[in-house]
Amino acid sequence: MQIPAPFDYVRATSVDNALELLARYGPESRVVAGGHSLLPMMKLRLSRPEWLIDINDLYELDFILRDGNKLRVGALTRHTTLLESDEVAALFPIVRDAELVIADPVVRNRGTIGGSLCQADPAEDLSTVCDVLAAEAVIRGPRGERILSMSEFHRGPYETAVGQDELLCELRFGIRPRTGSAYEKVERRVGDWAVGAAGAAVTLAADGTVDDAAVGLTALGLDHLVADAAAVLRGRRPDEELFAQAGRLAAAACDPVADQRGPVDYKRHLADELTQRVLRRACARAAQMQEG
Amino acid sequence: MTVIHDRPSNPAAGDEDRPIGYGRIQRKEDPRFVRGQGHYLDDIVLPGMLHSAILRAPVAHARLVSIDTTNALAHPKVVAVITGKDLLGLKLAWAPTLSADVQAVLVTDKVRFQGQEVAFVVAEDRYAARDALELIDVEYDVLPPLVDARKALDPDAPVIRDEIEGRTDNRIFDWEIGDKAETDAVFASADVVVSQEVVYPRVHPAPLETCGAVADFDAVNGKLTLYETTQAPHAHRTLFAIVAGIPEHKIRIVSPDIGGGFGNKVGIYPGYILAVVGSIVSGRPVKWVEDRSENLMSTSFARDYIMQGDIAATKDGKILALRTHVLADHGAFNATAQPTKNPAGFFSIFTGSYDLKAAYCSVTGVYTNKAPGGVAYACSFRVTEAVYLVERMVDVLARKLNMDPAELRLKNFIKPEQFPYANKTGWVYDSGNYEAAMRLSMQLAGYEDLRREQAEKRERGELMGIGVAFFTEVVGAGPRKHFDIVGLGMADGAELRVHPTGKAVVRISVQSQGQGHETTFAQIVAEELGIPPEDIEVVHGDTDQTPFGLGTYGSRSTPVSGGAVALVARKVREKAKLIAGAMLETRPEDLEWEKGRWFVKGDPSVGKTIAEIAMGAHGTVALPEGVDGNLDAEVTYDPPNLTFPFGAYICVVDVDPGTGQVKVRRFVAVDDCGTRINPMIIEGQVHGGLTDGVGMALMEIIEFDEAGNCLAGSFMDYLIPTAMEVPDWETGFTVTPSPHHPIGAKGIGESATVGSPPAIVNAVVDALAPFGVTHMDMPCTPARVWAAMQGRARPPI
Ligand SMILES: Cc1cc2nc3c(=O)[nH]c(=O)nc-3n(C[C@H](O)[C@H](O)[C@H](O)COP(=O)(O)OP(=O)(O)OC[C@H]3O[C@@H](n4cnc5c(N)ncnc54)[C@H](O)[C@@H]3O)c2cc1C
């Protein structure tokens, strides 16, 4: 049994109550959602909050809702819920691709999309998914509600725009026609964090050329999208040559570090290889949607 | 010749419901495990029990300058803080290891590996004990660490064991076996010689239950009861008597249900000793249980062998000789579990399953700033390393000769008629029929079809590999004249009592960590006496209740204790014969045995069952002269030789050419463990071992950075395989009984762990053949496989 440093614990009853508690207990307080990132860090005493504010009773944050041309996902939505949602899979197949390779069922049953994004671990798969899908983050705090783009939300490894006294409440995904998406990850073992992963979303024009595209990488030292990928892909007809070109761009854009999962050259190679694979799959899916 | 009592092991066969004796029956211990009613060490709660925690060194090599415990002692719930200085006063600062070395219980002079024990806190609860660790102030003077075993003998290497008088380097031992001159001569005249460095990296047994102890010293009676996660309760009792000076009859060691051992729970860890000291000091029971990181970072690792192999052969593929030099990293203290005369354990079985003209090996053991151990991890004392070496070398040779690896093996096997076979390093293999096992395995795998499929796939640029490995194990240590551990002979006792109503209790000296002893040993008695297994209680794991013996590891329970149990049952059967004679008023020599009953020769209707005889023995039957009124017996079995299980494994992998990811698609395991007692338990052992092999081959490694920091201190970093990484195992068997074992059984616990890593690695290397790869070291992670494909395969250490 690994034992965290002493802490106090309180269960929030609503979003307002959670915000009140955060204000009351101040900088040494932390919300806990699924706990699958926070608790391991506490057990290793790498994180030592004095107060844990449990938000697991905030059912108001656990939802998947279609609202016009947006899909709204509550921050407390569990990995498992996302994985099992056919609606999500139909609109954003990248989510199911990613959820299938995030941790294991035990972790997925508790871990939440909000916790994943707020943890902002460079190997967090859902961060890349949200980047690629150009999600918006709805944040509430004492000063009201703000809506941020993903580039505003991310502030680097383990850092986000969510203030200590704020709560991430919701993610919003724009639904676009003729769009396909995909995610692929290389791991040393099922349930392991990514050695490297890539995600892509592609929107095709009516003539079958690329209208818009986004490529993101996980655990490969790139916080944002592969910047030039969209520019290179746009207006072109998807083919192997184009995927290879995008792969090279991704390899050039990434900045991985060597660790036990692999050396830099391998990770750079993965950026290339996986980018090609996800683009290939995303384009095929987009084409299918076009037909369907 | 031993009779084989093997039954068909097809579960659908239907004739195996409740066999009285050998056969597929459900495990007797499982009802409590599947209901969550096992009783593990951490379930033990004694009145007034205190808890504890160990402060561990954050660095790998450092002089201890000072320890200040004032603040920790001021914690309201802390009862005691023990440091190395306190232990010096008690003469307990250093304890003997299983390899004639000593190990620091708590650091007194110098930290020698990251995670080493520095101080021990005893407190009212576990939380307080853990919190108080942060209140101990320790000052270290950090020294340069020695991490790379290849540099251990450099003249400028830091000397790790400078507390040993006269020690100026890190060499622990040089050991050799085989005829060097003869071997060199064969090499000099051979057509083909291939050399390859083969590394078996440091891995960890990683039992899911970590190590722990509850020490309860009764100051009034002077009696110590020590509950421990141990695979060898009796050996521990003797060692505690010697180390702690408590008389042996005042020590009771209890090993409750154990959540996996794999060799990790053979040695005596500082935590066990500290729990005892804590109980003596506080006058209350003290529980110590390590956490996952402590288990991975400080307890016995396994392997860590850098092996330079040479193999010599004729051009048509007759293997002539093997030669190897091993650099063995033993960490900071030499604590390897091994029979005394074998500093490299049973590594000298590296001649494998082949009929060689010559063989020679030398092993150099060195100290490094890493955790001690080098324990048998499901490896029968380093047979794992030996088999891995020879099976890789044979594959390397096959490639050089452009021969099929299965064919090369078939060509060189020891032949059935050559048994008992004396190899070139002093072993006498008891029995074997290697070709039959190999051919069965090829047939089950559809070997020819697989090779065809592979050729087609290669055309298309797909990477499919087929790996073959054949192993011969040496288990069941062992004859007292050759084998002992710290002076204790490796024999095992068994006591059997048949109660008046014919139900029995058998007490054994070995301790189960999940192997199913309560079933297997009941089945042996059942087979010998005809008492149903469910009527036989197997008692183990408590030194006050069981006869002396050395415990369970190195696949020795069935070869040694299994022999003891069969013999004690036969002793009871012979005694039953005398009593039956008295009851039937016949001469014993006129009686004949059928399972469960003595009857009068020629008149089967007149006889007595074991239950009737038991009642007679305890009742009022007029017993023959010299026979006492019970149906009990005891024996100590000193095995005349070791046993040599073997097997033929074939593995099929697919490698993703773009990412280097390896998928084990199929695995065929044909095992021969001699007489098969419970086929289901055997299969369970094989499945577990194969899974273990997938772990080592594909993902497991304990790595260190240059500063000596252990990089594998959690299950996020030290990966063990899950059900997702393994295929549906395809198992088969042949039966070649051991000629000297009372029931012909050979032991199965470690076969699959020994045999599977080379099969998997051979498959991966085979898959990478189109890239010109002839060898790569474990673990075959995606990154390492990809590097091999780029021609940049590197050893992991
Ligand atoms: C064994 C294991 C393997 C894993 N493997 C993967 C993997 O392969 N890929 C992957 O992407 N992830 C993986 N994870 C992480 C997993 O997805 C976690 O569930 C997730 O990272 C965090 O979600 P959580 O709800 O558990 O967050 P928590 O641990 O509860 O919280 C994480 C952080 O976010 C903050 N937080 C949580 N919710 C909010 C909110 N609504 N507003 C503001 N702050 C908030 C917390 O205060 C904390 O700082 C793994 C975890 C484990 C234990």
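Just so you know, all these numbers are worked out from the coordinates, no wet-lab data involved. Please read all numbers here as calculations on a predicted model, not as lab measurements. Don't worry about glycine lacking a Cβ; one is built from the backbone with ideal geometry, like all the others, and counts go over all protein chains shown.
For the reader, a short list of remarks on this structure follows.
- Proximity of backbone amide H atoms, modeled 1.01 Å from N, is registered between B:Arg556 and B:Gly476 at under 5 Å, excluding neighbours fewer than 5 places apart on the same chain.
- Normalised contact order of chain B, rounded percent, pairs of Cα under 8 Å and 6 or more residues apart: 16 percent
- When only the Cβ of Lys, Arg, Asp and Glu is charged (+1, +1, -1, -1), the dipole of region B:721-797 relative to its Cα centre reaches about 300 debye.
- Least to most buried among A:Thr80, B:Thr519 (fewest other Cβ within 10 Å first): A:Thr80, B:Thr519
- The fraction of all Cα pairs in the protein assembly as shown landing in successive 10 Å bins from 0 to the largest distance is 2, 10, 17, 20, 20, 16, 10, 4, 1, 0, 0, given as whole percents.
- Within straight-line cross-link reach of B:Lys223, lysines at Cα separation under 28 Å, skipping those fewer than 8 residues along the same chain: B:Lys77, B:Lys85, B:Lys91, B:Lys250, B:Lys265, B:Lys287
- Pairs beyond 31 Å (Cα-Cα), from B:Lys411/B:Lys481; A:Lys185/B:Lys370; B:Lys318/B:Lys370; B:Lys577/B:Lys746: B:Lys411/B:Lys481; A:Lys185/B:Lys370; B:Lys318/B:Lys370
- Positive dipole terminus of chain A, leading residue within A:Thr179, A:Ala135, A:Cys118 (C-beta point charges): A:Thr179
- Fully extended contour minus Cα-Cα distance, from B:Thr70 to B:Asp156, at 0.36 nm per residue: 27.1 nm
- Per-residue ellipticity at 222 nm, computed for chain B from helices alone with -39500 (n - 2.57) per DSSP H run of at least four residues, works out to -8000 deg cm²/dmol.
- Backbone N within region B:466-487 under 20 Å of label point (7 Å from B:Arg451 Cα along the Cβ vector): B:466-471
- Counting beta carbons within 10 Å around each of B:Arg597, B:Arg665 and listing the fewest first gives the order B:Arg665, B:Arg597.
- A full extension of the chain between B:Glu248 and B:Val539 corresponds to an added length of 102.7 nm, given 0.36 nm per residue minus the alpha carbon distance.
- Each Lys or Arg adds one and each Asp or Glu subtracts one; over the other residues with Cβ under 13 Å from the Cβ of A:Val195, this totals -1.
- Dividing the convex hull volume of the alpha-carbon atoms in chain B by its residue count gives 172 Å³ per residue.
- Modelled spin-label separation between B:Asp404 and B:Asp125, with each label point placed 7 Å from Cα along the Cα-to-Cβ direction: 6.7 nm.
- Separation of the B:Lys180 and A:Glu60 label points, Cα + 7 Å toward Cβ, nm: 8.2 nm
- Computed extension length for A:Glu28-A:Ser149: 40.8 nm, one decimal, from 0.36 nm per residue of separation with the Cα-Cα distance subtracted.
- Ranked list, fewest to most other Cβ atoms within 10 Å of each Cβ, for B:Ser362, B:Ser441: B:Ser362, B:Ser441
- Charge sum, other residues only, whose C-beta stays under 15 Å from B:Gly38's C-beta, Lys/Arg counted +1 and Asp/Glu -1: -3
- Exposed GluC sites (Glu not before Pro) absent: longest stretch of chain B, with sites in DSSP loops and at most 13 other Cβ within 10 Å deemed exposed: B:166-584
- Computed from point charges on the beta carbon alone (+1 for Lys and Arg, -1 for Asp and Glu), the dipole magnitude for the protein assembly as shown about its Cα centre is near 800 Debye.
- For region A:207-292, the residue among A:Ala246, A:Ala231, A:Val278 whose Cα projects farthest onto the positive side of the dipole built from Cβ charges is A:Val278.
- Annotation: region B:591-657 has a Kirkwood hydrodynamic radius of 17.1 angstrom, from the mean reciprocal C-alpha pair distance.
- Charge tally around B:Pro624: other residues with Cβ under 15 Å, Lys/Arg +1 each, Asp/Glu -1 each, net -2.
- In order along region A:166-177, the phi-based Karplus estimate (6.51 cos²θ - 1.76 cosθ + 1.60, θ = phi - 60°) of 3J(HN,Hα) comes to 10, 10, 7, 10, 7, 10, 10, 10, x, 8, 10, x Hz; Gly and Pro are listed as x.
- Backbone HN-Hα couplings from phi across region B:507-519 [Karplus 6.51/-1.76/1.60, Hz, Gly and Pro as x]: 10, 10, 8, 8, 10, 7, 10, x, 6, x, 3, 5, 8
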